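Remarks on the structure that follows.
The values are calculated or read from the model by the stated rules, or taken from the named source; none is laboratory data. Please read these numbers as outputs of a predicted model, since none were measured by experiment. Glycine also receives a Cβ, built like all others from the backbone with ideal geometry; neighbour counts cover every protein chain displayed. Accessible surface is based on the protein model in full, side chains and every heavy atom, while ligands, DNA and RNA are left aside. Shrake-Rupley method; radii C 1.70, N 1.55, O 1.52, S 1.80 Å.
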Amino acid sequence: MTTKLVQRVERVVIRFAGDSGDGMQLTGDRFTAETASLGNDLATLPNFPAEIRAPAGTLPGVSSFQLHFADHDVLTPGDEPDVLVAMNPAALRANLADLPRGGTVIVDSDAFGARALAKVGYATNPVEDGSLESYRVHALPLTSMTVEALKPFGLSRKDAERSKNMFALGMLSWLYDRGTQGTERFLRTKFATKPDILEANLTAFKAGWAFGETTEAFAVRYQVAPAPAKPGTYRNITGNVALAYGLVAAAHRAGLPLVLGSYPITPASDILHTLSGLKRFGVTTMQVEDEIAGVGAALGASFGGALGVTTTSGPGLALKSETIGLAVSLELPLVVVDVQRGGPSTGLPTKTEQADLLQAMFGRNGESPVPVVAPASPTDCFDVAFEAVRIATTYRTPVLLLSDGYLANGSEPWAVPDVASLPVIDADQATAPNGLADDGVTPAFRPYLRDPQTLARPWAVPGTAGLEHRIGGLEKADVTGEISYDPDNHDRMVRLRRAKVDGIDVPALDVDDPDGAARVLVLGWGSSYGPVAAGVRAARESGLSVAHAHLRHLNPFPANLGSVLRRYDRVLVPEMNLGQLALLLRARYLVDVVGYNRVRGLPFTSGELVDAISQLAQEVQPDPAHDTEVPA
């Protein structure tokens, strides 16, 4: 039982950083899981290189995991860490600039040898030369203590060193009063068939905990109380997993089997992994030979009466464009998930970006409009996936869902919904003739006779008696679906497909404008929600009156968007691209929105957005000299 001082804090941001082989992602993930089980609100930011094994001990090889947890609502993983755990000199050098003065640094002093220091450009040891005097430094021999703890197992030093991340995890778990049972259970499951490795990791984890409890290095232990939350069952979830669950839940509520055609690509692959484990819910997954085969298989499944889904990331979306155009022409349901990453080309596979919006909108030949939706947070991926399925099945159209790497790998607590409470999606597949033959008497199936409300055509499952029709990429005649080169028919079909997408039922845009006096609106989309909301919150706390709105539907836009934009003197649009939404808004509404654009592969910080908001707010402040009434 510890007798050390326990200090309550409202929030903490910890960044675990080390070599990409040091297990930092696993360490951060386990710390996050224990934090979630304690009821803290949290947000995470995994940040790692694309290489499977980047050069050890180098700056490009540094992998980090940042966790922000608090006793209140958390919107971002934190602008800067309070605590930096650096497992080697490269991790320290790559991350120290983000740590504010007075922050805590915990380093593995065993890793700070002359060779490792020289590899990243340190002429002297920063732990010893006084360059870290502005920080609270704990230089601890984590590797040596791990090796010593594992001596009874007879492991080589190299094998024993591999458990040093578990020692660090145990130590940090003690320091922030996290539980141990969940991690111990996780390790027993993960290494169930490898008892030697299991015992080594368990021992290192417990040794780290015991060190924290007994060492004089830490005089204080910290506690963070649970955050208020509505009653319910909660779990921690990443955006990719939430998105997969949303697809399955929607397919279930639509009464459709789900078929995923996918080619693995970072950072979308976890959706394929997750869905492949859900066969018991009517899910079929096909890992195919390339992106084109993936979308082709998904569209074929839709033609066969299933919910076709394909997942990819930026360059993969480019390869799928021809088949998405075919889906537009066929007017069949299809959900295309693009987990955006830094581009162009291979770009930054493990880093986030929002630069595929224009590709999603226009990246096909001909006039081929598709609905576009984007989630705001990891948990919102569930709801937006559900919404994408609703639109696809109701309007018989491919839908593009734009997630990104920040949402895909980030996590937060999620209130698990009661599936029975989710809306029913009426797939309304055709089962009988819907019109008359040319003789005006005989019942006949008219494959392009549209629903007058939605303009959707019938969805006939092949093999349904009497509902035979052909498909293909050639233009169809309105109503009959026969191949047609008639100019007027082509013009009519192009306009009908556009009108169908434009007419999709989209909720009005909600605007958060507490006092109704704001003259500046901050409008975001996709994963910028958290940083923008945090930035707006901080700007208001500084006395600024700022309105905030966030777009989930990017095509079509909410019907009231134009009036909302014109209500404010200035509109700030933060995007992780060079102004793609801003371009659309200017073109559509002739409103000169102001872009705030960064493409650094990282999410915005709330601090930089506060600066941008403040600058814009100052520009619209009334000029006292101008407003002063001149005496008669």
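Going through the range 178-209 one residue at a time, which ones are hydrophobic (A, V, I, L, M, F, W, C), farther than 24 Å from residue 74 by Cβ and crowded, with 16+ Cβ neighbours inside 10 Å?
Our first condition is that a residue be hydrophobic (A, V, I, L, M, F, W, C); within the range 178-209, this holds for 186-187, 191-192, 197-198, 200, 202, 204-205, 207, 209.
Now narrow it down to the ones that are farther than 24 Å from residue 74 by Cβ: 187, 191-192, 197-198, 200, 202, 204-205, 207, 209.
If the condition is that a residue be hydrophobic (A, V, I, L, M, F, W, C), farther than 24 Å from residue 74 by Cβ and crowded, with 16+ Cβ neighbours inside 10 Å, then 187, 191, 197, 198, 200, 202, 204, 205, 207, 209 are the ones that fit.
Just to check your reading of the model, which residue among 221, 235, 253 is touching a residue at least 12 places away in the same chain (Cβ under 8 Å), basic (Lys, Arg), over 30 Å from residue 136 (Cα atoms) and in a strand (DSSP E or B)?
Values: 221 fails: over 30 Å from residue 136 (Cα atoms); 253 fails: in a strand (DSSP E or B).
Sole residue among the options that is touching a residue at least 12 places away in the same chain (Cβ under 8 Å), basic (Lys, Arg), over 30 Å from residue 136 (Cα atoms) and in a strand (DSSP E or B): 235.
Taking the range 478-488, which residues are surrounded by 17 or more Cβ atoms within 10 Å (Cβ to Cβ) and either out of contact with any Ser or Thr (no Cβ under 9 Å at 6 or more places or on another chain) or part of a helix (DSSP H, G or I) (or both)?
Looking only at the range 478-488, we keep the residues that are surrounded by 17 or more Cβ atoms within 10 Å (Cβ to Cβ), and these are 478, 480-481, 484.
480, 481, 484 - these are the residues of the range 478-488 that are surrounded by 17 or more Cβ atoms within 10 Å (Cβ to Cβ) and either out of contact with any Ser or Thr (no Cβ under 9 Å at 6 or more places or on another chain) or part of a helix (DSSP H, G or I) (or both).
What are the pairs with Cβ atoms under 9 angstrom where one residue, in the range 334-348, is at negative phi and the other, located anywhere, is open to solvent by 40 Å² or more (accessible area, probe 1.4 Å) and assigned to a strand (DSSP E or B)? Sequence gap at least six, or different chains.
So the pair list comes out as 341/348; 342/348.
Just checking, which of 376, 430, 415 is in contact (Cβ under 8 Å) with a residue 24 or more places away in the chain and either among the aromatic types (Phe, Trp, Tyr) or under 27 Å from residue 458 (Cα atoms) (or both)?
Working: 376 fails: either among the aromatic types (Phe, Trp, Tyr) or under 27 Å from residue 458 (Cα atoms) (or both); 415 fails: either among the aromatic types (Phe, Trp, Tyr) or under 27 Å from residue 458 (Cα atoms) (or both).
Just a single option satisfies the conditions, and that option is 430.
Restricting attention to the range 152-161, does a residue exist that is at pLDDT below 95, open to solvent by 50 Å² or more (accessible area, probe 1.4 Å) and within 32 Å of the chain's Cα centre (by Cα)?
No: zero hits.
Which residue is most open to solvent (accessible area, probe 1.4 Å), if the candidates are limited to the range 445-469 and must be under 20 Å from residue 306 (Cβ atoms) and not hydrophobic (A, V, I, L, M, F, W, C)?
468
Could you check, for the range 16-39, whether at least one of its residues is open to solvent by 20 Å² or more (accessible area, probe 1.4 Å), of a type outside the set (Phe, Trp, Tyr) and over 26 Å from the mean Cα position of the chain (by Cα)? Break it down stepwise before answering.
Filtering the range 16-39 down to residues open to solvent by 20 Å² or more (accessible area, probe 1.4 Å) leaves 20-23, 25-26, 29-30, 33, 36-39.
Remaining after also requiring of a type outside the set (Phe, Trp, Tyr): 20-23, 25-26, 29-30, 33, 36-39.
Those left that are additionally over 26 Å from the mean Cα position of the chain (by Cα): none.
No: zero hits.
Go through the range 401-416 and give me each residue that's open to solvent by less than 20 Å² (accessible area, probe 1.4 Å) and not aliphatic (A, V, I, L, M).
Step one: of the range 401-416, the residues open to solvent by less than 20 Å² (accessible area, probe 1.4 Å) are 401-405, 407-408, 410-411.
Residues satisfying the conditions are 403, 404, 405, 410, 411.
Could you look through the range 557-578, keep only residues that are surrounded by fewer than 20 Cβ atoms within 10 Å (Cβ to Cβ) and aliphatic (A, V, I, L, M), and pick out the one that is nearest to residue 352 (Cα to Cα)?
578
Sort through 86, 50, 91, 54 and tell me the only one that's under 18 Å from residue 115 (Cβ atoms) and in contact with a Pro (Cβ under 7 Å, 6 or more places away or on another chain). Walk me through it before giving the result.
Numbers: 86 fails: in contact with a Pro (Cβ under 7 Å, 6 or more places away or on another chain); 50 fails: under 18 Å from residue 115 (Cβ atoms); 91 fails: in contact with a Pro (Cβ under 7 Å, 6 or more places away or on another chain).
Going through 86, 50, 91, 54 in turn, just one is under 18 Å from residue 115 (Cβ atoms) and in contact with a Pro (Cβ under 7 Å, 6 or more places away or on another chain): 54.
Regarding the range 96-108, can at least one residue be identified that is modelled with pLDDT under 95, more than 30 Å from residue 529 (Cβ to Cβ) and touching a strand residue (DSSP E or B) at 6+ places or on another chain (Cβ under 6 Å)?
The initial filter retains those residues of the range 96-108 that are modelled with pLDDT under 95, namely none.
Within the range 96-108, not a single residue is modelled with pLDDT under 95, more than 30 Å from residue 529 (Cβ to Cβ) and touching a strand residue (DSSP E or B) at 6+ places or on another chain (Cβ under 6 Å).
Name the single residue that is modelled with the lowest pLDDT among those in the range 497-528 being charged (D, E, K, R), open to solvent by 60 Å² or more (accessible area, probe 1.4 Å) and over 20 Å from residue 384 (Cα atoms). So that I can check it myself, show each step before the final result.
Residues of the range 497-528 that are charged (D, E, K, R), as a first pass: 497-498, 500, 502, 505, 510, 512-513, 515, 519.
Restricting the remaining residues to those that are open to solvent by 60 Å² or more (accessible area, probe 1.4 Å) gives 498, 502, 505, 510, 512, 515, 519.
The next check asks that each one be over 20 Å from residue 384 (Cα atoms); those that pass are 498, 512, 515, 519.
On the way: 498: 98, 512: 98, 515: 91, 519: 96.
Among them, the one singled out is 515.
Looking at the range 417-444 only, could you name the residues that are among the hydrophobic types (A, V, I, L, M, F, W, C), in a loop (DSSP other than H, G, I, E, B) and open to solvent by 20 Å² or more (accessible area, probe 1.4 Å)? Working first, answer last.
Filtering the range 417-444 down to residues among the hydrophobic types (A, V, I, L, M, F, W, C) leaves 419-420, 422, 424-425, 427, 430, 432, 436-437, 441, 444.
In the following step, the residues that additionally are in a loop (DSSP other than H, G, I, E, B) were identified as 422, 424-425, 427, 432, 437, 441.
Matches in the range 417-444: 422, 424, 432, 437, 441.
Mind checking which residues of the range 209-218 are in a loop (DSSP other than H, G, I, E, B) and among the small types (Gly, Ala, Ser)? Give the steps one after another, and end with the answer.
So the first thing to find is which residues in the range 209-218 are in a loop (DSSP other than H, G, I, E, B), and the list is 215-218.
The answer is 217, and nothing else.
Out of curiosity, is residue 230 closer than 18 Å to residue 35 by Cα and either surrounded by fewer than 20 Cβ atoms within 10 Å (Cβ to Cβ) or of a type in the set (Ser, Thr, Tyr) (or both)?
Values: closer than 18 Å to residue 35 by Cα: yes; either surrounded by fewer than 20 Cβ atoms within 10 Å (Cβ to Cβ) or of a type in the set (Ser, Thr, Tyr) (or both): yes.
Spelling it out, residue 230 is indeed closer than 18 Å to residue 35 by Cα and either surrounded by fewer than 20 Cβ atoms within 10 Å (Cβ to Cβ) or of a type in the set (Ser, Thr, Tyr) (or both).
Among the listed residues 230, 206, which satisfies the condition of being assigned to a helix (DSSP H, G or I) and in contact (Cβ under 8 Å) with a residue 24 or more places away in the chain? Outline the logic, then answer.
On the way: 230 fails: assigned to a helix (DSSP H, G or I).
Exactly one residue qualifies, and that residue is 206.
Over 16 Å from residue 298 (Cα atoms) and free of Cβ contacts under 8 Å to residues at least 12 places away in the same chain, is that true of residue 280?
Working: over 16 Å from residue 298 (Cα atoms): yes; free of Cβ contacts under 8 Å to residues at least 12 places away in the same chain: yes.
It is true that residue 280 is over 16 Å from residue 298 (Cα atoms) and free of Cβ contacts under 8 Å to residues at least 12 places away in the same chain.
Scan 187, 140 and give me the residue that is in contact with a strand residue (DSSP E or B) (Cβ under 7 Å, 6 or more places away or on another chain) and either closer than 28 Å to residue 36 by Cα or touching a residue at least 24 places away in the same chain (Cβ under 8 Å) (or both).
Working: 187 fails: in contact with a strand residue (DSSP E or B) (Cβ under 7 Å, 6 or more places away or on another chain).
Sole residue among the options that is in contact with a strand residue (DSSP E or B) (Cβ under 7 Å, 6 or more places away or on another chain) and either closer than 28 Å to residue 36 by Cα or touching a residue at least 24 places away in the same chain (Cβ under 8 Å) (or both): 140.
Could you tell me which residue of the range 17-47 is farthest from residue 106 (Cα to Cα), considering only residues that are part of a loop (DSSP other than H, G, I, E, B) and touching a helix residue (DSSP H, G or I) at 6+ places or on another chain (Cβ under 6 Å)? Outline the logic, then answer.
Looking only at the range 17-47, we keep the residues that are part of a loop (DSSP other than H, G, I, E, B), and these are 20-23, 38-40.
Within this subset, residues satisfying the condition of being touching a helix residue (DSSP H, G or I) at 6+ places or on another chain (Cβ under 6 Å) are 20, 22-23.
On the way: 20: 18, 22: 15, 23: 16 Å.
Residue satisfying both the conditions and the ranking: 20.
Exactly one of (1) touching a strand residue (DSSP E or B) at 6+ places or on another chain (Cβ under 8 Å); (2) within 17 Å of residue 601 (Cα to Cα) is unmet by residue 346. Its number?
(1)
Please enumerate the residues belonging to the range 509-541 that are of a type in the set (Gly, Ala, Ser), more than 20 Å from residue 356 (Cα to Cα) and under 26 Å from the mean Cα position of the chain (by Cα). Even if it seems obvious, please write down each step before you answer.
Taking the range 509-541 first, the residues of a type in the set (Gly, Ala, Ser) are 516-518, 524, 526-528, 530, 533-535, 538-539.
With more than 20 Å from residue 356 (Cα to Cα) added as a condition, the list becomes 516-518, 533-535, 538-539.
Selection gives 533, 534, 535, 538, 539.
Pull out all pairs, ordered by first then second residue, where Cβ-Cβ is under 8 Å, the residues are six or more apart or on different chains, the first lies in the range 449-473 and is on the phi > 0 side of the Ramachandran plot, and the second is part of a loop (DSSP other than H, G, I, E, B).
Qualifying pairs under 8 Å: 455/503; 466/432; 466/433; 466/445.
Restricting the first residue to the range 522-549 and requiring it to be within 21 Å of residue 592 (Cα to Cα), which pairs with a second residue that is part of a helix (DSSP H, G or I) and at pLDDT below 95 meet a Cβ separation below 8 Å and a spacing of at least six or different chains?
Matching pairs, first to second residue: 545/617; 546/617.
Let me spell it out: the conditions are (1) of a type in the set (Gly, Ala, Ser); (2) in contact with a strand residue (DSSP E or B) (Cβ under 6 Å, 6 or more places away or on another chain); (3) part of a helix (DSSP H, G or I), and residue 403 meets all of them except one. Which number is the exception?
The number of the failed condition is (3).
Is it true that some residue in the range 114-132 is within 21 Å of residue 98 (Cβ to Cβ) and surrounded by fewer than 11 Cβ atoms within 10 Å (Cβ to Cβ)?
yes
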